[in-house]
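Colleague: Dumping the structure here so I can ask a few things about it.
The values are calculated or read from the model by the stated rules, or taken from the named source; none is laboratory data. Computed from a predicted model, the values in this text were never measured in an experiment. Cβ placement follows ideal geometry from the backbone for every residue including glycine, while neighbour counts extend to all protein chains displayed. Keep in mind that these areas ignore ligands, DNA and RNA; they rest on the heavy atoms of the full protein, side chains included. Shrake-Rupley method; radii C 1.70, N 1.55, O 1.52, S 1.80 Å.
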Amino acid sequence: MDARFRNFFRANLDLERGYENAGDLRPTLLSYSDSYVKLIREGFEQILSDDSFGPADYERLTDIEFPDREALHTYLRDMYDYLFKDAPEQPMPPGY
């Protein structure tokens, strides 16, 4: 996993910021260079297709716990749709 992709999670989706829903995550991401946006999109695609990436991995990145792989995958898919497919609202992690 690319360090810049890990840092995106740590800076934007960690325990402190992961529950914020101010509507600025997508515009902020898209304000960066096309190559950075591509790196983040490809990183999401990689972890979504990686059967070994699970709740423990996500918790190490963000300090946010997911009850199971299915809940995590749903959240990540919804986040991908929000960031890259114009879903109307940023998803919230569990416990919100």
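Colleague: When you go through (1) over 18 Å from residue 94 (Cα atoms); (2) over 11 Å from the mean Cα position of the chain (by Cα) one by one for residue 44, which number turns out not to apply?
Modeller: Going through (1) over 18 Å from residue 94 (Cα atoms); (2) over 11 Å from the mean Cα position of the chain (by Cα) one by one, residue 44 breaks only (2).
Okay, residues lined up against (1) assigned to a helix (DSSP H, G or I); (2) open to solvent by 80 Å² or more (accessible area, probe 1.4 Å); (3) of a type in the set (D, E, K, R):
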| position | (1), (2), (3) |
| --- | --- |
| 4 | yes, yes, yes |
| 47 | yes, no, no |
| 60 | yes, yes, yes |
| 80 | yes, no, no |
| 90 | no, no, no |
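Colleague: Which condition from (1) of a type in the set (Ser, Thr, Tyr); (2) part of a loop (DSSP other than H, G, I, E, B); (3) at pLDDT 90 or above is the one that residue 96 breaks?
Modeller: Here residue 96 clears every test but (3).
Colleague: Can you name the number of the only condition in (1) within 14 Å of the chain's Cα centre (by Cα); (2) open to solvent by less than 60 Å² (accessible area, probe 1.4 Å); (3) over 21 Å from residue 95 (Cβ atoms) that residue 75 fails?
Modeller: Every condition holds for residue 75 apart from (3).
Colleague: A follow-up question, please. What tally of residues in region 6-40 results from selecting those that are outside any loop (DSSP other than H, G, I, E, B), in contact with a helix residue (DSSP H, G or I) (Cβ under 7 Å, 6 or more places away or on another chain), open to solvent by 60 Å² or more (accessible area, probe 1.4 Å) and within 19 Å of residue 93 (Cα to Cα)?
Modeller: Residues in region 6-40 being outside any loop (DSSP other than H, G, I, E, B), in contact with a helix residue (DSSP H, G or I) (Cβ under 7 Å, 6 or more places away or on another chain), open to solvent by 60 Å² or more (accessible area, probe 1.4 Å) and within 19 Å of residue 93 (Cα to Cα): 2 in total.
Colleague: Among the residues of region 62-72 satisfying the criterion of being assigned to a helix (DSSP H, G or I) and open to solvent by less than 20 Å² (accessible area, probe 1.4 Å), which is farthest from residue 9 (Cα to Cα)? Give the steps one after another, and end with the answer.
Modeller: So the first thing to find is which residues in region 62-72 are assigned to a helix (DSSP H, G or I), and the list is 62, 69-72.
Imposing the further condition that a residue be open to solvent by less than 20 Å² (accessible area, probe 1.4 Å) reduces the set to 62, 72.
On the way: 62: 6, 72: 14 Å.
Step by step, filter region 62-72, then rank; the result is 72.
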